[in-house]
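Report on the following structure.
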Amino acid sequence: PESLLVRLDFSPWGMHGAMHLAQEKGWFTDVGLKVEIQDGTGTINTLQLLAAGKVDVGQVSVGTMAVAKENGLDLISIVGFARTGDLAVMLDEKAGVTSPKDLVGKKIVCFTASPWAPFIQPFLQANGLKKGEVEVVMVAPSAMVSTYASENADGFMSQAPFGQPMVKKTRPANALLLADSGISFPSYGLVSTPSMIESKKEAIKKLVQVQLRAWNYIYDGNIEEAVKAILAQRPNAKLDPDVLRGQLIAYEAFFSSPTQGKAPIGQQFDADWQAAINSMEQTGLIKAGHKPSDYYTNELLKN
Amino acid sequence: MKQLWSKTEKSRLISITVAILLGIWEIGVRLSGVREFLLPPPSKIFVEFFEAPGYLLMQSLDTLQTTLAGFALAVVLGVIAAIGIVSSRFLDRTLYSLLVAMNAVPKVALAPLFVIWLGTGSAPKIAVAMLIAIFPILIDTVLGLRSTDPEMLDMARVNQASPSKILWKLRFPNALPSLFAGMKVGVSFALVGTIVGEFVAGGSGLGHVILVAQGSFDTPTVFVALALLCFLGVVLFKAIELIEARMLSWHASQRHHFVATASVSGTS
Amino acid sequence: MKQLWSKTEKSRLISITVAILLGIWEIGVRLSGVREFLLPPPSKIFVEFFEAPGYLLMQSLDTLQTTLAGFALAVVLGVIAAIGIVSSRFLDRTLYSLLVAMNAVPKVALAPLFVIWLGTGSAPKIAVAMLIAIFPILIDTVLGLRSTDPEMLDMARVNQASPSKILWKLRFPNALPSLFAGMKVGVSFALVGTIVGEFVAGGSGLGHVILVAQGSFDTPTVFVALALLCFLGVVLFKAIELIEARMLSWHASQRHHFVATASVSGTS
Amino acid sequence: MAGFLQAKELNKVYHSERAPVHALENIDIDITEGEFICIVGPSGCGKSTLLRCMAGLEPISSGRLALQGKDIVTPPKNMGVVFQRDLLLEWRNVLDNVLVAAEFHGYDARQYKERAKELLALFRLSAFVDRYPRELSGGMRQRVSICRALLTDPQLLLMDEPFGALDPFTRDELNAELQRTWLATKKTVVFITHSITEAVYLGDRVLIMSRNPGRVEKIIPIELQRPRGAAVQDTARFAEYVVDIRETFRELGIYKG
Amino acid sequence: MAGFLQAKELNKVYHSERAPVHALENIDIDITEGEFICIVGPSGCGKSTLLRCMAGLEPISSGRLALQGKDIVTPPKNMGVVFQRDLLLEWRNVLDNVLVAAEFHGYDARQYKERAKELLALFRLSAFVDRYPRELSGGMRQRVSICRALLTDPQLLLMDEPFGALDPFTRDELNAELQRTWLATKKTVVFITHSITEAVYLGDRVLIMSRNPGRVEKIIPIELQRPRGAAVQDTARFAEYVVDIRETFRELGIYKG
Ligand SMILES: Nc1ncnc2c1ncn2[C@@H]1O[C@H](COP(=O)(O)OP(=O)(O)OP(=O)(O)O)[C@@H](O)[C@H]1O
Ligand SMILES: Nc1ncnc2c1ncn2[C@@H]1O[C@H](COP(=O)(O)OP(=O)(O)OP(=O)(O)O)[C@@H](O)[C@H]1O
Ligand SMILES: Cc1ncc(C[n+]2csc(CCO)c2C)c(N)n1
Ligand SMILES: [Mg+2]
Ligand SMILES: [Mg+2]
């Protein structure tokens, strides 16, 4: 069997469901693949390992990949899962915040290397909030959620379908989506490099197919199986099945395409990417002149 | 019986102190109502450990191995570098400053690069552990090697001692107390370096356990891992102290207990 | 003229070495085609610095301030703890082990607690810097305080010296060379600690610069920050060495250049 | 007053990793207040050990050792000790090395500065007050350590070969000086020396020790008029004492030769 | 053979932070191969400095100092030195402290073990071969350091007050021993001592130094038959030499007394 090394973004959470489910069900083996799934220690790190050729495929936010690409990392997205922007500011339900205007006087935590970081100022600006009206504090990724949960901050900036289920039991939160402010930033998909695709095309193709099958299976009413698969694959992580389930449920909405609606899972579209390119250009994350096809290929979706 | 009692005095003292501190912690947490994900009570940490003792011990072992490899490398390279620095004016003026500069770079910032260069196996972890541990060992060994009594060096020189003889038979034994101080600091830092390496490279070890537990909001497990780290740290430190006591029985620093308590009594 | 030339020998040597190393790096990177995000060439790092020198220097200053605060605290607390440990058998057996255990905990792993306990100002950064720097200072000071010649202690005792007199007039001066070794290690680690602190809770300092640059895959800026850190580290280290040379002119370690070069000549 | 400094059946055994060393065996001494006792004996017979016991630095293994009736368990007050090694502090200059005795006692060093300078002058070290120990010769270092012991004008003075590294002239001179101060202040002095003439010149009694294990072999009272001038060394009585001590040693058969 | 070890107009100035010390002024000495030279002089007159210059440990400031015609710039081969301080290695036992001389030379220590033990026996240290320095008395430490200097049987022996911390009997005995070895092996010996009788007993010539700055005041050839028994010390000739040296010192007016 051909072997592939897949590295995820962070330690286990709901979005890892399809990968673990496929492994657990033996779908990789069925197509003659031997896949090693590595937990990641950060999106940035995974992207760098990909660009350095140390891993074959990564599951990360493809928006962040675009930023990396701008800085010389030769990457390309090979499949898009959560195609709608999921970045959000989350605040205590009890605070009654319903629009960005209500953020005035609030203390929000974020982490420096977060995909959110470059959008903080544009987000505030887009909503007519002046500098200093909202206190944004940068802490370590590991300190972000606990700072919010322990009420040392009013809110936190993260991905809504990741964060809301996470704090549900301790301090349930409302989410203000970044996308609602007109900023489009695509979320999870699989990423690889052109040279890697060149050399392991067939294997990567099989991996992508299996993943599409897995996600379709999960959202075909089998979320519970995905939760079990994660727990089974990561027995020592002591994950909370409620959180995993919550994240998988919450992500379903973000699997649709912002411009094409409920399109088949995995496909990426020029229109989606053009919107993202515009947002990223506006905020200076990427220079002008990029076209959607620089960032993705649907090549591997075909049989 | 009485002798056994007094022989275990040291371990009793430290056990009692730890027990008292844990008690304060337990009561403090319970009374103040600090939530578990911030600071779990010790009882909870204890229980947590026994939910997966095998796994946690395996990860501890993994961390221990990496630490020992990094530390061993740090001792060897640190001592060699120190010898080079005290033996050669050129190295003193170049290598020394370069190492000082290098040490000012936080390994957390370099760890991602190591992982990229060395892959996600144990190599980058060992490298980080080594790089953090080498500096105290180097500095203390340099001090030790330089602190040799000039008249002792004269004595060696009139005996036609070659620089290497002077090094190994005079400077080096003389530097041992300092070297051991450096190793005590170094072994603790090697452990920290391993964890930092594990944070970035991932995969295994207590650093990985901490990362996963933090990611899933599982603070009690974070604390179990930290407690295991403390334990490993103390064990490694005491191991070095033990070797030191055996090798340096001639040195004043090892006879301090006698000195401190040398009270004189009429009969004994 | 000639004298000036030989007086600057040291700085020339190190400058030339650094220049050669940078040259190798530049050529190596260009020839091997290592991509910039992995390891940018020094020329690129240099250019990068001059794109925002003011901002980078401001951040360096910020980091320097925090480092100095943390280091000062570490020296004071480390020396006090060392004195406690060598003076009291109880503290030796409790505090010492507890500090050893504490030091085995990587400060990065405590990030959530630091942020919650100390907020997001400079307090957690100073705390982390202090906590990392204190350990080498403590260990080396303990060694130094314990290394006093037992007969010297006898001499003090027959002069009715109180424990505090013995400490300040005998043990402490005797421990100074060791303390300085500890401070040299400590100041480097305080700098590292500040960066770690800035990673944990920061909106400023070189640590923040590094994180932001890492987050936007801007490796050249990461390296600019690392280069500035190297520079700060060397400056701080040399500052301690300078103070050491002034205070310890009586100690063998400070006369090594004389000793090493004491060649005898017919006339001079 | 008898029984000022008294040892009764004093034994001292050093325990080390190897066989224990019986350094002192059944020592009986009774030193009167104001007496000048010289101790002579072969190398390694336990002279320094005895002195260290008297100084309260070394626990005795059995028997009694008392100063003014009280067991010596810690260094007694009002005592000055000259150690066999000079034990100077490398980081202090000569003057400050002398003054450290006052500082250790908790006295105000400034008030002792004049006295320290006088003592250093007496010991021919005026030109070296601001030098550091590493710049001194062996004999000079030893003299500094004597000044230190004398600084606080102690009533009991224990000296372990204080003039060992000095030439005979400086030595004679300092012996005369020491006798003068002693006559003036009536300190009790225990003085270890390898010079038999020095012992006879200075001592009220000379205590002869022998070794393996260290014992008190003989105590010889020196009945020479005080003050003793340099000339006393040329008298027949003086020579008799010297010969007597020599003979005692020879009889003990410790040496061939 | 004259001119074996030769000093011509040798000057030595120590430069320190304070005023420079003129330790040796215009020293002229000419030592024949196989000669036994004793140096006496007041404390601080530069004896140790001269010895250290001869040992190639201290650069001279002007003049010449040559061994067998070659300037001394580093420690000459085939030389043994007994320093004023004993300089024992605390981490080695007595035997190994003696053997370190062979090890430093790069010789096989095992082949010197027997000789080391013989030397230690000669110096009455057989019972202490496996003790550590901290367990020894001052005189014992000094004897160990003498054994170390003798181990490799050097042709040139420089000794700085080697018997200073020894009782007169051990001293006499070791003096006789030293004379015996010297007669048998014809080493060249430079021997610093504070004992005038020792100097006369051992020396072919006695060099008298005076201080401030250190000068050679007089060189007295000792024409006493070899081998010299202990009895020689009671002869009139011997006493004359001793008195002569005493008088030289007195004439120099260095001391009152
Ligand atoms: N710390 C120690 N441990 C073991 N044995 C010791 C210790 N100190 C001294 N001794 C032994 O005790 C004996 C007496 O030693 P001491 O120093 O009292 O002799 P001493 O009469 O002063 O000799 P010297 O004239 O050479 O100074 C010696 O045999 C010595 O080896
Ligand atoms: N390293 C040094 N720096 C400055 N002055 C020194 C140094 N070493 C020795 N001296 C000075 O040189 C002079 C001669 O010292 P030296 O040690 O040669 O005397 P010495 O004759 O051996 O005396 P002693 O009999 O007391 O041992 C002294 O005045 C001393 O202060
Ligand atoms: C803004 C933002 N929020 C969350 C994640 C993803 N994430 C998944 S698990 C986890 C826990 C880390 O301890 C984090 C942070 C992201 N990539 N970016
Ligand atoms: Mg003694
Ligand atoms: Mg001398």
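Here is a list: D:Arg228, D:Arg215. Which entry is of a type outside the set (A, V, I, L, M, F, W, C) and either open to solvent by 30 Å² or more (accessible area, probe 1.4 Å) or over 26 Å from D:Gly139 (Cα atoms) (or both)?
Values: D:Arg228 fails: either open to solvent by 30 Å² or more (accessible area, probe 1.4 Å) or over 26 Å from D:Gly139 (Cα atoms) (or both).
After ruling out the rest, the residue left standing is D:Arg215.
Would you be able to say whether some residue in the stretch C:137-148 is closer than 22 Å to C:Gly186 by Cα, within 14 Å of chain D (Cβ to nearest Cβ) and assigned to a loop (DSSP other than H, G, I, E, B)? Even if it seems obvious, please write down each step before you answer.
Kept after step one, since they are closer than 22 Å to C:Gly186 by Cα, are these residues of the stretch C:137-148: C:137-147.
Among the residues that remain, those that are also within 14 Å of chain D (Cβ to nearest Cβ) are: C:144, C:147.
Now drop any that are not assigned to a loop (DSSP other than H, G, I, E, B), which leaves C:147.
Yes: the stretch C:137-148 contains one or more residues that are closer than 22 Å to C:Gly186 by Cα, within 14 Å of chain D (Cβ to nearest Cβ) and assigned to a loop (DSSP other than H, G, I, E, B).
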Checklist entry - Given (1) surrounded by 13 or more Cβ atoms within 10 Å (Cβ to Cβ); (2) free of Cβ contacts under 8 Å to residues at least 24 places away in the same chain; (3) closer than 28 Å to C:Val212 by Cα, where does C:Phe50 come up short, assuming only one miss? => result (1)
Checklist outcome for this item: By residue number, the members of the stretch E:105-142 that are touching a residue at least 24 places away in the same chain (Cβ under 8 Å), part of a helix (DSSP H, G or I) and within 16 Å of ligand 4 (Cβ to nearest atom) are E:Phe128, E:Pro133, E:Arg134, E:Gly138, E:Gly139, E:Arg141, E:Gln142
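The rows are residues; the columns are (1) within 14 Å of chain E (Cβ to nearest Cβ); (2) touching a His at 6+ places or on another chain (Cβ under 8 Å); (3) of a type in the set (Asp, Glu).
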{"residue": "D:Cys45", "(1), (2), (3)": "yes, no, no"}
{"residue": "D:Leu67", "(1), (2), (3)": "no, no, no"}
{"residue": "D:Val73", "(1), (2), (3)": "no, no, no"}
{"residue": "D:Phe83", "(1), (2), (3)": "yes, no, no"}
{"residue": "D:Asp86", "(1), (2), (3)": "yes, no, yes"}
{"residue": "D:Val98", "(1), (2), (3)": "no, no, no"}
{"residue": "D:Gly106", "(1), (2), (3)": "no, no, no"}
{"residue": "D:Ser137", "(1), (2), (3)": "yes, no, no"}
{"residue": "D:Thr152", "(1), (2), (3)": "no, yes, no"}
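Go through the stretch D:50-82 and count every residue that is of a type in the set (S, T, N, Q) and either at pLDDT 95 or above or farther than 24 Å from D:Leu151 by Cα (or both). I'd like the intermediate steps shown before the answer.
Restricting attention to the stretch D:50-82, the residues satisfying the condition of being of a type in the set (S, T, N, Q) are D:61-62, D:68, D:74, D:78.
If we keep only those that are either at pLDDT 95 or above or farther than 24 Å from D:Leu151 by Cα (or both) too, we end up with D:61-62.
Residues meeting the conditions: 2.
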Item to check | Single unsatisfied condition, E:Val94 versus (1) buried (at least 21 other Cβ atoms within 10 Å of the Cβ); (2) closer than 30 Å to E:Arg228 by Cβ | outcome: (2)
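Take D:Leu125 and decide whether it is modelled with pLDDT of 95 or more and within 16 Å of ligand 5 (Cβ to nearest atom).
Details: modelled with pLDDT of 95 or more: no; within 16 Å of ligand 5 (Cβ to nearest atom): yes.
It is false that D:Leu125 is modelled with pLDDT of 95 or more and within 16 Å of ligand 5 (Cβ to nearest atom).
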Checklist entry - Which one of the conditions (1) under 24 Å from E:Met79 (Cα atoms); (2) within 16 Å of ligand 4 (Cβ to nearest atom) does E:Phe191 fail to meet, given that it meets all the rest? => result (2)
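With the stretch C:151-255 as the region, which helices (runs of 4 or more DSSP H) entirely inside it contain at least 1 residues that are more than 22 Å from B:Gly193 (Cβ to Cβ), aromatic (Phe, Trp, Tyr) and open to solvent by 40 Å² or more (accessible area, probe 1.4 Å)?
Details: elements: C:163-166, C:172-200, C:205-215, C:219-247.
Result: C:172-200, C:219-247.
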Checklist entry - Which of the residues belonging to the stretch B:75-87 are out of contact with any Leu (no Cβ under 6 Å at 6 or more places or on another chain) and either surrounded by fewer than 20 Cβ atoms within 10 Å (Cβ to Cβ) or farther than 27 Å from B:Ser162 by Cα (or both)? => result B:Val76, B:Leu77, B:Ile80, B:Ser87
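So which residues in the stretch A:138-175 are more than 14 Å from ligand 3 (Cβ to nearest atom) and either surrounded by fewer than 24 Cβ atoms within 10 Å (Cβ to Cβ) or modelled with pLDDT under 90 (or both), if there are any at all?
Kept after step one, since they are more than 14 Å from ligand 3 (Cβ to nearest atom), are these residues of the stretch A:138-175: A:150-154, A:168-172, A:174.
Listed by number, the residues that qualify are A:Ser150, A:Glu151, A:Asn152, A:Asp154, A:Lys168, A:Lys169, A:Thr170, A:Arg171, A:Pro172, A:Asn174.
From D:Leu10, D:Leu24, which residue is closer than 23 Å to D:Arg246 by Cα and more than 7 Å from ligand 1 (Cβ to nearest atom)?
Values: D:Leu10 fails: closer than 23 Å to D:Arg246 by Cα.
After applying the criteria, what remains is D:Leu24.
Please count how many residues of the stretch B:128-150 are surrounded by fewer than 24 Cβ atoms within 10 Å (Cβ to Cβ) and of a type outside the set (D, E, K, R). Even if it seems obvious, please write down each step before you answer.
Narrowing the stretch B:128-150 to residues surrounded by fewer than 24 Cβ atoms within 10 Å (Cβ to Cβ): B:147-150.
From what is left, the residues that are of a type outside the set (D, E, K, R) are B:147-148, B:150.
Summing the residues that are surrounded by fewer than 24 Cβ atoms within 10 Å (Cβ to Cβ) and of a type outside the set (D, E, K, R) in the stretch B:128-150 gives 3.
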Item to check | Qualifying position, being open to solvent by less than 40 Å² (accessible area, probe 1.4 Å), within 16 Å of ligand 2 (Cβ to nearest atom) and more than 30 Å from B:Leu248 (Cβ to Cβ), among E:Leu158, E:Leu174, E:Leu87, E:Leu178 | outcome: E:Leu158
Checklist entry - When the stretch A:140-159 is examined, which residues are found to be of a type in the set (A, V, I, L, M, F, W, C), within 11 Å of chain C (Cβ to nearest Cβ) and touching a Phe, Trp or Tyr at 6+ places or on another chain (Cβ under 9 Å)? => result A:Ala140, A:Ala143, A:Met144, A:Val145, A:Ala149
Next on the checklist: Of the conditions (1) more than 24 Å from the chain's Cα centre (by Cα); (2) farther than 30 Å from C:Ser216 by Cα; (3) open to solvent by 50 Å² or more (accessible area, probe 1.4 Å), C:Trp25 satisfies every one except a single condition; which number is it?
Outcome noted: (2)
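Using the structure shown, decide if D:Arg124 is on the phi > 0 side of the Ramachandran plot, within 12 Å of another protein chain (Cβ to nearest Cβ), touching a helix residue (DSSP H, G or I) at 6+ places or on another chain (Cβ under 8 Å) and open to solvent by 60 Å² or more (accessible area, probe 1.4 Å).
yes
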Item to check | Flag for E:Ala165 being within 29 Å of E:Glu90 (Cα to Cα) and in contact with a strand residue (DSSP E or B) (Cβ under 6 Å, 6 or more places away or on another chain) | outcome: no
Checklist entry - Would a scan of the stretch B:88-97 turn up a residue that is under 30 Å from A:Val6 (Cα atoms), more than 7 Å from every other protein chain (Cβ to nearest Cβ) and open to solvent by 10 Å² or more (accessible area, probe 1.4 Å)? => result no
Next on the checklist: C:Pro124 - would you say it is away from every other protein chain (no Cβ under 11 Å) and modelled with pLDDT under 90?
Outcome noted: no
Next on the checklist: Take the conditions away from ligand 1 (no atom under 14 Å from the Cβ), touching a strand residue (DSSP E or B) at 6+ places or on another chain (Cβ under 6 Å) and open to solvent by less than 40 Å² (accessible area, probe 1.4 Å) and apply them to D:Gly203. Does it pass?
Outcome noted: yes
Item to check | Which numbered condition E:Ala102 fails, given (1) touching a residue at least 40 places away in the same chain (Cβ under 8 Å); (2) assigned to a helix (DSSP H, G or I); (3) open to solvent by 30 Å² or more (accessible area, probe 1.4 Å) | outcome: (3)
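Here is a yes/no grid of residues against (1) within 15 Å of the chain's Cα centre (by Cα); (2) away from ligand 2 (no atom under 15 Å from the Cβ); (3) without any contact (Cβ under 8 Å) to a residue 60 or more places away in the chain; (4) surrounded by 15 or more Cβ atoms within 10 Å (Cβ to Cβ):
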{"site": "E:Leu10", "(1), (2), (3), (4)": "no, no, yes, yes"}
{"site": "E:Arg18", "(1), (2), (3), (4)": "no, no, yes, no"}
{"site": "E:Gly34", "(1), (2), (3), (4)": "yes, yes, no, yes"}
{"site": "E:Lys47", "(1), (2), (3), (4)": "yes, no, no, yes"}
Checklist entry - In this structure, is E:Arg143 closer than 26 Å to D:Gly139 by Cα, at pLDDT 95 or above and either within 16 Å of ligand 3 (Cβ to nearest atom) or buried (at least 20 other Cβ atoms within 10 Å of the Cβ) (or both)? => result no
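The rows are residues; the columns are (1) crowded, with 20+ Cβ neighbours inside 10 Å; (2) modelled with pLDDT of 90 or more.
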| residue | (1), (2) |
| --- | --- |
| A:Leu91 | yes, yes |
| A:Lys94 | no, yes |
| A:Lys107 | no, yes |
| A:Cys110 | yes, yes |
| A:Phe119 | yes, no |
| A:Gly128 | no, no |
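The values are calculated or read from the model by the stated rules, or taken from the named source; none is laboratory data. Predicted, not measured: the structure shown is a model, and the values here were computed from it. A quick note on method: Cβ atoms are made from the backbone with ideal geometry, for glycine too, and the neighbour counts reach across all protein chains shown. Side chains included, ligands, DNA and RNA excluded: accessible areas come from the protein's heavy atoms. Shrake-Rupley method; radii C 1.70, N 1.55, O 1.52, S 1.80 Å.
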